[in-house]
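The values are calculated or read from the model by the stated rules, or taken from the named source; none is laboratory data. A quick note: this is a predicted structure, and the numbers were derived from the prediction, not measured. Cβ placement follows ideal geometry from the backbone for every residue including glycine, while neighbour counts extend to all protein chains displayed.
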Amino acid sequence: MTKPQPPVVSSFPCTECSAGIMQPRLLTYFTWLNEELITVPSFPAWVCDVCGRREYDERSISWLDMLLDPNAGEPTRKKKIAPRTRPTARPSRPAPES
Ligand SMILES: [Zn+2]
């Protein structure tokens, strides 16, 4: 069995049963945001092949928390609004000096 493994996601022994191997998987991640259930499909996670323990990717979770937390990482909420005063597109001719 020689399967090429991607170097980025490497499986590691399970911390729960220490007998199984945590395999990289893509799961649907569920989390609650106030009263709203958020589902994130294809979320990177590891699943033990013996006891079935799930561990979600820590960096992805912290990234997700940052996205979901309205108070974090977004100092100004009006930043994404496109400026309404844009320079009028005029043909750039040299103005005749009178
Ligand atoms: Zn396990």
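Is it fair to say Leu27 is surrounded by 12 or more Cβ atoms within 10 Å (Cβ to Cβ) and modelled with pLDDT of 90 or more? Give the steps one after another, and end with the answer.
Numbers: surrounded by 12 or more Cβ atoms within 10 Å (Cβ to Cβ): yes; modelled with pLDDT of 90 or more: yes.
Spelling it out, Leu27 is indeed surrounded by 12 or more Cβ atoms within 10 Å (Cβ to Cβ) and modelled with pLDDT of 90 or more.
Take the residues in segment 39-53 that are in a strand (DSSP E or B) and surrounded by fewer than 13 Cβ atoms within 10 Å (Cβ to Cβ), then tell me which one is nearest to the ligand (Cβ to nearest atom). Quick ask: steps written out before the conclusion?
So the first thing to find is which residues in segment 39-53 are in a strand (DSSP E or B), and the list is 39-48.
Checking the rest, the ones that are also surrounded by fewer than 13 Cβ atoms within 10 Å (Cβ to Cβ) come to 39, 41-42.
On the way: Thr39: 25, Pro41: 24, Ser42: 23 Å.
So the residue we want is Ser42.
What single numbered condition from (1) surrounded by 13 or more Cβ atoms within 10 Å (Cβ to Cβ); (2) modelled with pLDDT under 90; (3) away from the ligand (no atom under 16 Å from the Cβ) fails to hold for Ser11?
In the conditions (1) surrounded by 13 or more Cβ atoms within 10 Å (Cβ to Cβ); (2) modelled with pLDDT under 90; (3) away from the ligand (no atom under 16 Å from the Cβ), Ser11 misses (3) alone.
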